[in-house]
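Below is one structure, written out as structure tokens; comments come after it.
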Amino acid sequence: MLEVSGLNAAYGRAHILFDLAFEARAGEVAVLLGRNGAGKSTTLKSIIGIVRPLAGEVHFFGRPIQHLQPYQIARLGVGYVPEDRRIFTDLTVMENLEIGRQPPREGAPRWTPAKLFELFPNLGRMQDRLGARMSGGEQQMLTIARTLMGNPRAILLDEPSEGLAPVIVEQMVRTIRELKTQGLTVLLCEQNLHFARQVADRAYVIEKGQLRGSGTLDEVREEYQQV
Amino acid sequence: MGSVPFFFMSASSILIQFLNGLASASSLFLVAAGLSLIFGVTRIINFAHGSLFMLGMYLAVALAPMLGFWWSVPLAALAVAAFGALVEATLLRRLYAAPELLQLLATFALVLVIKDFTLWAWGPEDLLGPRAPGMDGAVRIAGLRYPEYDLFLIGFGPLVLGALWFLLRRTRWGTLVRAATQDREMAGALGVNQRWLFTSVFALGALLAGLGGAVQIPREPATLFIDLQIISDAFVVVVVGGLGSIPGAFLAALLIAEIKSFCIGLGYSKITLVVEFIVMAVVLIVRPWGLLGRMPAQTRGPGALELPLALPSRNALVALGGTALALALVPLLSAGYTLVLLTDILVFALFAVSLHFIMGPGGLHSFGHAAYFGLGAYGAGLLLLKGGVPMELALVFAPLLAVLGALVFGWFCVRLSGVYLAMLTLAFAQITWSVMFQWDAFTGGSNGLIGIWPSSWLSSKTAYYYLTLATCVGAIALLWRVLYSPFGYALRAGRDSPLRADAIGIDVRAQQWAAFVFAGLFAGLAGALFAFSKGSISPEALAVPRSVDGLVMVLLGGIQTLTGPVWGAALFIWLQDVVSRSVDYWRAVIGAVVLFLVLVFPQGVTGFLRERFAR
């Protein structure tokens with residue numbers, strides 16, 4: 001359902017991605033594995049349209065989306081959860097959720113604040129708290145919940161486990177499994193192998209903006225440990 | 001009314017002055033709130049905001065005879081809002097990704113176009129507005145008569161503040177606006193259509209400006225000067241209150257308006273500006289980001305990467321020397337108007353190079369550089385006429401007045417950066433202009449000073465041309481040489497990364513302050529040369545449009561080039577000469593040319609050429 005082919009991207013003169021190709025099939029969790037600076041975040045930004053690719057195509061349900069604006073891509077049902085969370089710190093939890101809200105979408109799970117508070121009970125207890133006054137883990141939950149308010153069909157998660165306490169990471173694993181159960185397609189960027197293997201159906205290894213290997217997580221494990 | 005010491009004011013007149021201040025604050029608040037709102041979301045400082053205010057005034061005055069005052073006010077505001085939406089959708093929308101400086105320039109071009117449109121539509125005379133029917137009487141307050149309409153205004157400001165609060169805090173639109181203010185890219189990635197949001201925010205900001213103008217018409221006449229007056233007042237309010245904070249704008253509007261009101265009430269109306277300046281200075285020292293403002297997030301590491309300023313090649317130096325030599329030979333061929341035009345070009349080339357010194361390598365985007373030009377010019381005139389100093393000495397010492405101005409203003413300016421700095425430099429320039437404009441006894445007020453002629457041995461066009469040529473070529477060479485001195489390199493380091501420059505022991509602020517003063521010195525020298533070449537000086541020499549002329553010259557030639565500002569100045573002065581002699585509405589033409597350039601070359605003319613030829 002989400003297919004990327006021949007993707008090239010650059011910041012100014014620095015060429016970051018070289019002919020990347022991969023896919024995430026409906027209802028599965030695909031993982032992009034790579035070290036710091038491998039180009040994982042740039043890949044996700046290129047899909048959501050924040051970074052304009054130099055070349056290449058991104059298809060979502062067979063439709064090319066690489067020329068669209070980020071808001072148009074989001075409105076097609078692609079949810080994006082950035083690495084640095086980017087919570088609106090001046091806004092409360094409820095207001096943050098409001099920013100992500102989109103009309104219900106056919107073929108996608110339908111989320112409401114009440115449903116999200118079941119998934120993230122912590123958030124339910126701090127509905128009027130300002131984003132600036134939340135812990136890192138709480139912010140990470142909020143940023144996922146905010147994106148889910150758009151009722152996406154696919155969700156791009158950029159290193160959700162980064163900088164979180166082990167307990168919270170375990171919770172994140174359960175969350176991703178739950179999202180998959182609900183029928184969401186997940187494209188996940190990770191460098192934490194332990195985390196990735198608990199959720200991944202399919203894995204790709206990226207190094208210096210190029211694809212190094214693909215397959216099941218166990219198949220690419222060795223390649224990843226070499227990069 | 002004569003001057004009355006504060007403690008001799010009766011309690012009732014203190015109350016009346018206080019109420020006057022509250023009434024004036026309302027209109028000022030509306031303008032500043034709109035400016036703040038637009039900046040928050042679009043990151044564009046709308047220079048034309050005062051022009052929208054002016055448009056609101058003129059429209060309300062024009063509509064009132066047909067519809068009555070109470071209908072004309074909202075309709076004028078709505079018309080200004082529609083105009084604002086149109087401007088955003090056709091013009092500003094294309095500039096959100098452009099460098100900050102070009103955005104500011106584009107909105108300034110709008111100032112010129114709107115001013116000439118207003119002149120064309122309603123003529124040069126001040127227009128008196130109607131009184132507000134039903135509120136044209138007065139009430140007795142503490143035994144004194146007080147206009148009913150002013151009481152209405154006192155309530156109107158807080159009413160609008162409340163409405164804005166509701167809109168921003170209690171509606172989905174307001175939540176989206178606040179989110180986009182903080183991180184518009186993320187809002188976009190969550191499905192928020194920024195285009196629509198930006199247009200609506202701009203329309204609301206324009207509405208507030210138009211409304212601010214329209215409600216003023218029973219109190220003051222509509223004039224063609226009000227646009228820059230209001231925008232600099234609004235800048236002061238926004239700087240004092242904190243950019244992006246609506247309650248801050250309200251508080252600062254109250255403060256500034258009360259100061260004005262009491263200065264006028266005490267009979268010291270002429271020192272209003274000085275007091276305003278002192279208040280602003282104190283606020284900036286205590287709270288650099290304004291009363292309720294917050295420090296903008298500092299960008300780590302290098303900002304926009306600028307190519308290093310290359311040393312001019314031997315060939316380039318030979319070409320420059322050849323140009324200077326050719327200029328020295330011109331008087332052999334022509335002694336008439338060409339020399340006058342060339343003298344102007346040389347003077348403004350020096351002005352542009354001095355501005356480029358702080359803008360390009362210094363990274364300080366000054367929107368008030370004409371203040372130092374004007375101080376030099378007035379310094380020359382005053383030394384000659386009031387001080388009885390010989391012309392030669394006046395020319396040497398006049399730039400010191402500019403240095404003094406740059407020392408004081410620069411001290412504050414280098415504490416800020418980006419748009420704050422641009423606003424503050426403009427506000428200082430406007431204050432300097434007002435002092436020159438109002439101080440009739442000393443500076444000749446709006447008429448300026450006349451009879452500033454050079455000594456007899458320099459009185460021929462040719463002799464004065466040679467003096468200008470020698471001075472400007474020498475000064476420009478010095479300015480350029482300094483860019484390649486350790487001081488120049490430290491300045492560029494501070495521009496590219498203040499944090500890293502700090503870390504290696506460069507006192508960035510001190511470097512910038514020194515650069516500010518150094519540039520002020522040469523702008524002052526250009527101003528002094530200008531005064532003697534014209535024989536007279538008027539407040540126009542340091543008005544805001546003159547500052548913007550300098551910006552256009554620098555940008556036209558290329559901000560990150562060495563010699564660009566000289567060619568930019570030559571092109572601009574020549575163009576202005578041609579246009580102003582053949583077209584009535586030359587300001588609009590210049591504005592249109594600037595808009596065209598900015599739209600066609602959003603990365604600057606040289607940026608465009610560089611990209612074109614680098615491939």
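Derivation of every value follows stated rules applied to the coordinates shown; laboratory data play no part. Please read all numbers here as calculations on a predicted model, not as lab measurements. So basically every Cβ, Gly included, is an ideal-geometry build from the backbone, and we count neighbours across all protein chains shown.
Between 0 and 90 degrees, the angle of helix B:486-496 with respect to the longest Cα principal axis of chain B falls at about 40 degrees.
Ordering B:Arg184, B:Arg94 from the fewest to the most neighbouring beta carbons within 10 Å gives B:Arg94, B:Arg184. For the stretch B:302-439, the equivalent ellipsoid derived from the Cα gyration tensor has semi-axes of 29, 27, 12 Å, listed largest first. Basic side chains Lys and Arg get +1 at the Cβ, acidic Asp and Glu get -1 at the Cβ, and with that the dipole of the stretch B:33-224 about its Cα centre reaches some 580 debye. For the stretch B:324-543, the relative contact order comes to 41 percent (Cα pairs under 8 Å, sequence separation of at least 6).
Each residue of the stretch B:274-286 is assigned a 3J(HN,Hα), and the resulting list reads 5, 5, 4, 4, 5, 4, 4, 4, 5, 4, 5, 6, 6 Hz, derived from the Karplus form 6.51 cos²θ - 1.76 cosθ + 1.60 (θ = phi - 60°), x at Gly and Pro. Checking the a/c ratio against 1.5 first, then a/b against b/c, what shape does the Cα gyration tensor give for the stretch B:100-161? Oblate.
Dividing the mean sequence gap of close Cα pairs (under 8 Å, 6+ apart) by how many residues chain B holds gives a relative contact order of 20 percent.
For B:Lys461, B:Lys386, what's the fewest-to-most ordering of other Cβ within 10 Å of each Cβ?
B:Lys386, B:Lys461
Return, ordered by residue number, the residues of the stretch B:98-140 whose backbone nitrogen is under 18 Å from a label point located 7 Å along Cα→Cβ of B:Leu571. Backbone N within reach: B:99, B:101-103, B:105-106, B:109. Report the label-to-label distance for A:Thr216 and A:Lys115 in nanometres (one decimal), using points 7 Å from each Cα along the Cα→Cβ vector. Using points 7 Å along Cα→Cβ, the separation is 3.2 nm. Averaging over all projection directions, the Cα-based convex hull of the stretch B:306-371 occupies 6.1 nm² in the image plane. Near A:Met1, within a Cβ-to-Cβ distance under 11 Å, what is the net charge of the other residues, with Lys and Arg +1 and Asp and Glu -1? That works out to 0.
Tell me the mean residue ellipticity at 222 nm calculated for chain A from its helices only (DSSP H runs of n ≥ 4, each -39500 (n - 2.57), averaged over every residue, nearest 500). Using -39500 (n - 2.57) per qualifying helix, the result is -9500 deg cm²/dmol.
Taking Cα centre as origin and charging only the Cβ of basic (Lys, Arg, +1) and acidic (Asp, Glu, -1) residues, the dipole magnitude of the protein assembly as shown rounds to 500 debye.
Treating only the Cβ atoms of Lys and Arg (+1) and Asp and Glu (-1) as charged, compute the dipole magnitude of chain A about its Cα centre; round to the nearest 20 debye.
On the way: 27 positive and 26 negative charges, 93 e Å.
Dipole size: approximately 440 debye.
Shown here: the stretch B:227-294, whose C-alpha atoms stretch 36, 27, 18 Å along the first, second and third principal axes, sorted largest to smallest.
Compared with the rule-of-thumb size 2.2 N^0.38 Å for a compact globular protein, the stretch B:324-543 has a Cα radius of gyration ratio of 1.04. For the stretch A:4-72, the equivalent ellipsoid derived from the alpha-carbon gyration tensor has semi-axes of 18, 16, 10 Å in decreasing order. Both the radius of gyration and Dmax for the protein assembly as shown are 30.4, 95 Å, in that order, over alpha-carbon atoms.
Positive-end ranking of A:Gly27, B:Leu119, B:Ala326 along the dipole of the protein assembly as shown, with charges on Cβ about the Cα centre, is headed by A:Gly27.
P(r) for chain B, from all Cα pairs and a bin width of 20 Å, is 19, 53, 26, 2, 0 %, short bins first.
Under a Gaussian network description of chain A, with springs only between Cα atoms under 10 Å, the residue in A:Ala145, A:Ala114, A:Ala203 that fluctuates furthest is A:Ala114. Note on B:Glu220 and B:Trp411: their simple-model spin labels are 3.0 nm apart, each label 7 Å out from Cα toward Cβ. With an 8 Å Cα cut-off and a minimum separation of 6 or more residues, compute the relative contact order for the stretch B:1-139 in percent. So the answer I get is 27 percent.
Going by neighbour counts of Cβ atoms within 10 Å, the residues B:Phe373, B:Phe348 line up, fewest first, as B:Phe348, B:Phe373. Stretching the chain fully between B:Val578 and B:Glu125 yields a gain of 160.4 nm (0.36 nm per residue, less the alpha carbon separation). Here's the picture: charge each Lys and Arg Cβ at +1 and each Asp and Glu Cβ at -1 in the protein assembly as shown, and of A:Leu76, B:Gly418, B:Leu95 the one pushed furthest to the positive end of that dipole is A:Leu76. When the P(r) is computed for the stretch B:7-141, the part past 22 Å accounts for 51% of the Cα-Cα pairs.
Return one number: the angle in degrees, 0 to 90 and rounded to the nearest 10, between the long axis of the Cα atoms of helix A:166-181 and the longest principal axis of the Cα atoms of chain A. Orientation of helix A:166-181: about 80 degrees from the principal axis.
Packing, as the average of other Cβ atoms within 10 Å across residues, places the peptides A:8-17, B:284-293, B:110-119, A:146-155 in the order A:146-155, B:110-119, B:284-293, A:8-17, highest first. For the stretch A:76-141, applying the loop criterion from DSSP together with a ceiling of 13 other beta carbons within 10 Å to the GluC sites (Glu not before Pro) yields A:Glu106.
Just to confirm a number: summing +1 for Lys and Arg and -1 for Asp and Glu over residues other than B:Gly451 whose beta-carbon lies under 13 angstrom from that of B:Gly451, what do you get? Don't jump to the answer; show the numbers that get you there.
Numbers: positive: B:Lys386, B:Lys534; negative: none.
Once positives and negatives cancel, what remains is +2.
Summing charges over neighbours of A:Val29, with a neighbour being any other residue whose Cβ is under 12 Å away from its Cβ, gives +1 when K and R count +1 and D and E count -1.
Computed from Cα positions, the angle between helix B:11-42 and the longest principal axis of chain B comes to roughly 60 degrees. Under 5 Å from the amide H of B:Leu364 lie the amide H atoms of B:Met359, each residue being 5 or more positions distant or on a separate chain, with H modelled from the backbone and absent for Pro and chain starts. Shown for chain A is the translational diffusion coefficient from the Stokes-Einstein equation, using the Kirkwood radius over Cα pairs, a temperature of 4 °C and a viscosity of 1.567 mPa s: 74 µm²/s. The percentage of C-alpha pairs in the stretch B:33-224 whose separation is greater than 19 Å is 62%.
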